[in-house]
Amino acid sequence: MLHLVSKSSEDLKAAGEAPALVSYMTMAMKLSPNLERACGFAAGLLKGKMGDDLRRKISEGNLRLYSGTGEAISKFAKSWGKTCPELERSLYLIQSSANEREPSSRARTLDRALDLALEGARERLRKFATSIHLPTLLLYCMGVLMPMILVGILPVLSVTGGGIELPHIVALYCFIIPLLVYMLSRQILSKRPSSMEPPSLEVEEYSYRAILISVAVAFPFVALAVLFRASPDIAGLAALWGVTLAVSSYFYMTSARAFRSWKETTKMEEELPDALVQLGNRIGEGRPAEEAFEQFSRTSGVEGLGKVFREAATNVRLGGMGLRASHFDESRGALRHVHSNMVGGVLHMIVDFMERSTKAAGEAMLQTAEHLRRLGEVRAEMKRMMGEIVSSMRSVAIFFAPLIASVTARMQGVLASKTASSAFLGSEISPPAFLIVLGIYTLILAVLLTNYAVEIEFGEDRVAKRMAIASALPVALGVFTAGAILGGQMLTSVVG
């Protein structure tokens with residue numbers, strides 16, 4: 001049963017590739033009505049489960065099992081029909097378009113196929129955005145409200161002979177509740193439709209320089225607490241600060257370079273449709289490719305792709321390289337530092353047309369730009385739908401949860417100091433120890449909720465997650481520390 005649920009979730013995530021697959025295939029079919037070529041183009045750009053399945057279906061070995069590419073695509077469409085019905089209908093339309101003799105009829109059929117795929121993607125996003133509000137509220141209640149309520153219940157349990165000890169508190173707040181929050185968040189995210197695959201960027205997993213700097217950042221907090229013989233609660237907070245800054249520093253230093261590439265790649269993908277329109281107009285006028293590239297880089301105001309095309313033009317004029325090598329050469333190509341499958345794949349197709357006919361390449365650029373624009377609209381709509389949930393989860397992770405936890409811990413400490421027994425919760429648990437346990441819980445919750453918010457917005461993007469956690473942890477602990485210090489002083493003055 002668990003295996004079936006897991007497979008269903010994987011298929012649902014993979015269905016997010018459907019709009020891109022149909023867009024790439026319709027784009028290729030409009031430019032050249034060859035079904036096998038269109039399948040190969042789409043399969044080369046898609047890197048997820050759906051792309052893998054398509055590559056297997058159209059591989060030379062598997063094609064021998066079918067009567068041709070058309071039958072292989074039919075099998076592929078049926079296998080995904082249950083998870084993604086609009087994909088099956090779109091692929092059948094793409095197949096039928098190959099038999100259309102009139103270019104206008106073929107274009108109308110392909111446009112209808114793309115409309116079906118995009119509308120299906122939008123409908124899945126709308127359903128997910130509608131269904132996620134209640135589970136997210138439950139996640140908030142489990143992660144923030146339930147721990148606060150338990151703080152009020154624990155003294156009652158101890159008075160009635162519950163025998164609450166520090167290991168019980170640690171197990172509850174550092175293991176049991178975080179595990180429940182994690183499991184619920186994974187259950188919610190398993191139903192999230194994916195969009196495009198994130199850029200394939202590598203983080204520096206094991207950097208000795210980052211480790212040494214992280215330890216150096218953490219050491220002063222612990223050393224100063226010991227040197228000045230700080231009180232137990234201040235010493236505990238100092239230890240938390242040391243660990244938090246060490247982790248944040250390590251995540252930042254090992255991910256900052258990849259994150260810069262991530263932002264550049266994301267910006268390039270957003271700029272690509274407009275860039276193709278400008279280049280298509282220039283190349284359609286009959287200008288040489290290198291001249292169009294250079295003029296585009298000077299006048300477009302597009303930084304990322306402008307740099308790519310400027311380098312490609314330089315490679316052609318000064319480096320004596322061909323058009324293909326100027327882009328794709330492993331050592332000197334303009335795309336060697338670009339990590340976007342979409343940018344690389346689209347330019348690969350455009351270069352193919354440029355080598356045949358500049359006029360055909362100009363038309364190809366304009367049609368491709370329109371397809372990418374519509375695909376980008378679906379991605380932008382998903383961001384808008386998820387925006388409210390993402391911002392609320394980030395607010396809870398770095399502000400509300402730390403503030404509530406710190407004030408609640410201080411409240412129990414003040415009440416404990418007013419009781420006849422110096423023990424806390426009727427046991428040997430001291431208020432400073434409870435404060436530190438809640439501080440650890442705050443950091444764990446910040447990681448879980450930040451991971452949840454990033455995955456809602458970007459999907460399984462490891463670089464974005466690491467950078468978000470690196471910035472969220474110090475802020476969350478800062479709010480917790482301020483709440484512990486100021487809240488304690490305020491409660492002490494109120495209670496007297």
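In the set (1) of a type outside the set (Val, Ile, Thr); (2) modelled with pLDDT of 85 or more; (3) assigned to a loop (DSSP other than H, G, I, E, B), residue 307 fails one condition alone, (3). Just to verify a result, which residue in region 203-234, among those that are without any contact (Cβ under 8 Å) to a residue 24 or more places away in the chain and under 23 Å from residue 467 (Cβ atoms), is nearest to the chain's Cα centre (by Cα)? Per the stated criteria, the residue is 206. Within 23 Å of residue 371 (Cβ to Cβ), surrounded by 18 or more Cβ atoms within 10 Å (Cβ to Cβ) and free of Cβ contacts under 8 Å to residues at least 40 places away in the same chain: does that describe residue 353? Considered against the rule, which asks whether it is within 23 Å of residue 371 (Cβ to Cβ), surrounded by 18 or more Cβ atoms within 10 Å (Cβ to Cβ) and free of Cβ contacts under 8 Å to residues at least 40 places away in the same chain, residue 353 comes out as no. Among the residues that make up region 240-256, is at least one of them surrounded by 17 or more Cβ atoms within 10 Å (Cβ to Cβ) and free of Cβ contacts under 8 Å to residues at least 24 places away in the same chain? Scanning region 240-256 turns up no residue that is surrounded by 17 or more Cβ atoms within 10 Å (Cβ to Cβ) and free of Cβ contacts under 8 Å to residues at least 24 places away in the same chain. Number of residues in region 356-365 that are among the basic types (Lys, Arg) and touching a residue at least 24 places away in the same chain (Cβ under 8 Å): the value is 1.
Of the residues that sit in region 68-102 and are surrounded by 14 or more Cβ atoms within 10 Å (Cβ to Cβ) and assigned to a loop (DSSP other than H, G, I, E, B), which one is farthest from the chain's Cα centre (by Cα)? Applying the filter and picking the extreme gives 100.
Determine whether region 215-228 contains at least one residue that is farther than 29 Å from residue 463 by Cβ and small (Gly, Ala, Ser). Checked region 215-228: at least one residue is farther than 29 Å from residue 463 by Cβ and small (Gly, Ala, Ser). Figure legend. Inter-residue proximity from region 26-43: first residues in the same structural domain as residue 351 (by TED's automatic domain parsing), second residues buried (at least 22 other Cβ atoms within 10 Å of the Cβ) and part of a helix (DSSP H, G or I), beta-carbon distance below 9 Å, spacing 6+ or different chains. No pairs are indicated.
When every residue of region 249-257 is checked against the conditions, none turns out to be in contact with a Leu (Cβ under 7 Å, 6 or more places away or on another chain) and either assigned to a helix (DSSP H, G or I) or among the small types (Gly, Ala, Ser) (or both). Based on what the data block shows, is residue 296 more than 23 Å from residue 23 (Cα to Cα), among the aromatic types (Phe, Trp, Tyr) and either assigned to a helix (DSSP H, G or I) or not assigned by TED's automatic domain parsing to the domain that holds residue 464 (or both)? Spelling it out, residue 296 is indeed more than 23 Å from residue 23 (Cα to Cα), among the aromatic types (Phe, Trp, Tyr) and either assigned to a helix (DSSP H, G or I) or not assigned by TED's automatic domain parsing to the domain that holds residue 464 (or both). Just one of the numbered conditions (1) assigned to a helix (DSSP H, G or I); (2) modelled with pLDDT of 75 or more is not true of residue 224: (2). Among the residues making up region 119-146, those that are polar (S, T, N, Q) and either assigned by TED's automatic domain parsing to the domain that holds residue 371 or farther than 16 Å from residue 451 by Cα (or both) are 130, 131. Taking region 301-337 as the range and being farther than 29 Å from residue 202 by Cα, in contact with an Asp or Glu (Cβ under 8 Å, 6 or more places away or on another chain) and surrounded by fewer than 16 Cβ atoms within 10 Å (Cβ to Cβ) as the test, only 317 passes. Among the residues of region 333-359, those identified as assigned to a helix (DSSP H, G or I) and among the aliphatic types (A, V, I, L, M) are 342, 343, 346, 347, 349, 350, 351, 354.
The values are calculated or read from the model by the stated rules, or taken from the named source; none is laboratory data. None of the values given here were measured: they were computed from a predicted structure. Cβ sites come from the backbone with ideal geometry, for glycine too, and all protein chains shown count toward neighbours.
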